[in-house]
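Nothing in this text is a laboratory measurement; each read-out follows from the coordinates by a stated rule. From a predicted model like this one, the values you see are computed outputs, not experimental measurements. Positions of Cβ are backbone-derived with ideal geometry, glycine not excepted, and every protein chain shown enters the neighbour counts.
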Amino acid sequence: MTDQHSSLSNLDLETPEKPFLDANELVINMGPQHPATHGVLRVILRLDGEKVLGLECVIGYLHRGVEKIGEHRTYTMFNPYVDRMDYVAAVSNGLGYCETVEKLLNVEAPPRAQHVRVILTELNRIASHQLWLGTHALDIGAITPLFYTFRDREEILKIYEKYCGARLTTHAFRIGGLQYETYTGFEKEVKNFLDFFRPKIDEYEELLTTNRIWVERTKNVGTISAQDCIALGVTGPVLRASGVKWDLRKAQPYANYKNFDFEIPIGQNGDTYDRYLVRMAEMRQSVRIIEQAVGALPEGPIMAKVPKVMKPAAGEVYHSIEAPKGELGYFIVSDGSTQPYRVRVRPPSFVNLQALDVMCRGQLVADVIAVIGTLDIVLGEVDR
Amino acid sequence: MVAKFRGTYGSGITPLTYAGQNYMAVDRSLIPEILQVLRNEERFDYCVDITAVHYPKREKQFDVVWVLYSFARNERIRVTTQIVDGESLPSAVPIWPAANWLEREVYDMFGIKFDGHPDMKRILLPEGWKGHPLRKDYGILQQDNEWVQINLGIESGQ
């Protein structure tokens, strides 16, 4: 494993020239069954005393062959499977898949469906960030935020449950529109949630933003430069915390995001603390988007005209969306039959996890936990 | 851009369009140069994805696809090339470090090797597994029973 990262030598890695302790290099195995790895991630650490010299990730424990399954299902049948990749942001996965197939079929969802899609996806972004905040803070030692975020996340899951009966793997969208018409009182409940949630973000921030222990554990921990982020393909809040103002919702708008007014929060230092601030600001922006969308929800059909048996013309399409964790892309090849010839998922967590080594070098072992948390990976999506 | 490439490289490049997305089919021999040029001159600095598609009935069985993005131009491009089974490709890791795991996954799933990759081994499946699951001749229920029996001590993983 010594040479695995020689290719990264052009990145500014902080590798100490002199050993910190005059001791032998220590190799330690962490995981796959470790509570702080957020699933089944195994990390092999090379240590000098408590300093990390390098690490290697061993993944694949949750590999279910989602891409292979896709080749053996029709376009419609594969739709629920994508929810099982990033299971804390299932709605985003579904949106990406449905939009890609819609591109192949050359149809567009009607305006009402687009609006509801934006509302549900942004609610999902909040739910995903809440789960991240609770578990990340728990890893670092703050137990309280976990109870706060799970309490508030419940309200979003209740909206999902009322809308489609499921809380996590929602299968909320269909190719060409929505699975269901919204229930009576949907708009009011979403608005109530926004009013309920706005002060809650302040509550989270009160607990952490100026908390001395939190700041000490996150400032200058797991720093990554914008240049390294781009070289390693890192996207999402991690990239933005390093100062790159890039969000697919703005850069290449999909759904109807171009109709909404919102900002892209960015950080400066690219450390764990900045990534925390960026995600907190993103939750506020999501509230803004939902507010606009629910205020101007148009009437009309929820499904475009799509054939019952879908047979897109032979061809290939790549389409990607800004999932809570970064760029989520689908590359689908059609051969003109009812089943996709090839479905490729470009998961943000998988590519972002590559940066773990760069971010952990020169840090302490305890910081590895903080960095895994701040990357916000979901192993279901890493392994697919 | 593709027109400029066609001027330089001639018939080795075929511009294609589907559903409003442009991509180009590139001759295998031009791949090392084209990837370099795209990174250094055309400023495609972000390697989004590398993947492959298996066409068992074709003589050149595999399509390998690079999805690239340029922050400066806000533009995406796809490069595809066809290779025969057993042929290797130059690794893109020196150009984009992000290619590291992506190429390992292509090797794991299709058995396509990348020359010059720092650590060409399986990534999702365990070391020692036989077969490459995303090839079309690999059945959906198929698995390496021998591996399962030796390493997990059970008759079958299903």
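Quick notes on this one:
- Cα centre as origin, Lys/Arg/Asp/Glu Cβ charges: the protein assembly as shown dipole, Debye: 1500 debye
- Packing-based ranking of B:6-12, A:34-40, A:44-50 yields A:34-40, A:44-50, B:6-12, ordered from highest to lowest mean Cβ neighbour count within 10 Å.
- At most 12 other Cβ within 10 Å, DSSP loop - GluC sites (Glu not before Pro), the stretch B:37-102: B:Glu41, B:Glu59
- The stretch B:31-158: antiparallel DSSP beta bridges as a percent of all, rounded to 5: 90 percent
- The stretch A:190-340 shape via C-alpha gyration tensor axes, a/c threshold 1.5: oblate
- Ordering of A:343-355, A:193-205, A:299-311 by burial proxy (mean other Cβ atoms within 10 Å per residue, highest first): A:343-355, A:193-205, A:299-311
- Once backbone amide H atoms are built at 1.01 Å from N, B:Tyr46 has B:Tyr69, B:Phe71 as its partners under 5 Å, excluding neighbours fewer than 5 places away on the same chain.
- A cut-off of 5 Å between modelled amide H atoms, ignoring neighbours fewer than 5 places along the same chain, links A:Gly54 with A:Arg46.
- Relative to one another, the C-alpha centroids of the stretch B:3-33 and the stretch A:34-95 are positioned 34 Å apart.
- Efficiency of FRET from Cβ geometry, A:Glu203 and A:Tyr183, R₀ 35 Å, rounded to 0.05: 0.75
- The B:Glu146 and A:Thr338 beta-carbon pair, evaluated with R₀ = 45 Å, returns a calculated FRET efficiency of approximately 0.80.
- Isotropically averaged projected area of the protein assembly as shown, using the convex hull of Cα atoms (one quarter of hull area), nm²: 25.2 nm²
- Distance between the 7 Å Cα→Cβ label points at A:Asn211 and B:Gln36: 5.2 nm.
- For the stretch B:8-17, 3J(HN,Hα) per residue [Karplus equation, 6.51 cos²θ - 1.76 cosθ + 1.60, θ = phi - 60°, Hz, x = Gly/Pro]: 7, 9, x, 7, x, 10, 10, x, 10, 9
- Inter-centroid distance (Cα atoms) of the stretch A:127-198 relative to the stretch B:55-82, Å: 37 Å
- In order through the stretch A:333-342: 3J(HN,Hα) via Karplus (6.51 cos²θ - 1.76 cosθ + 1.60), integer Hz, x for Gly, Pro: 10, 10, 10, x, 9, 7, 10, x, 6, 7
- Ranking A:Gly315, A:Trp246, A:Leu356 by how far each Cα lies toward the positive end of the dipole of the stretch A:66-383 (charges on Cβ) leaves A:Gly315 at the top.
- By the count of neighbouring beta-carbon atoms within 10 Å, fewest first, A:Glu189, A:Glu263 end up ordered A:Glu263, A:Glu189.
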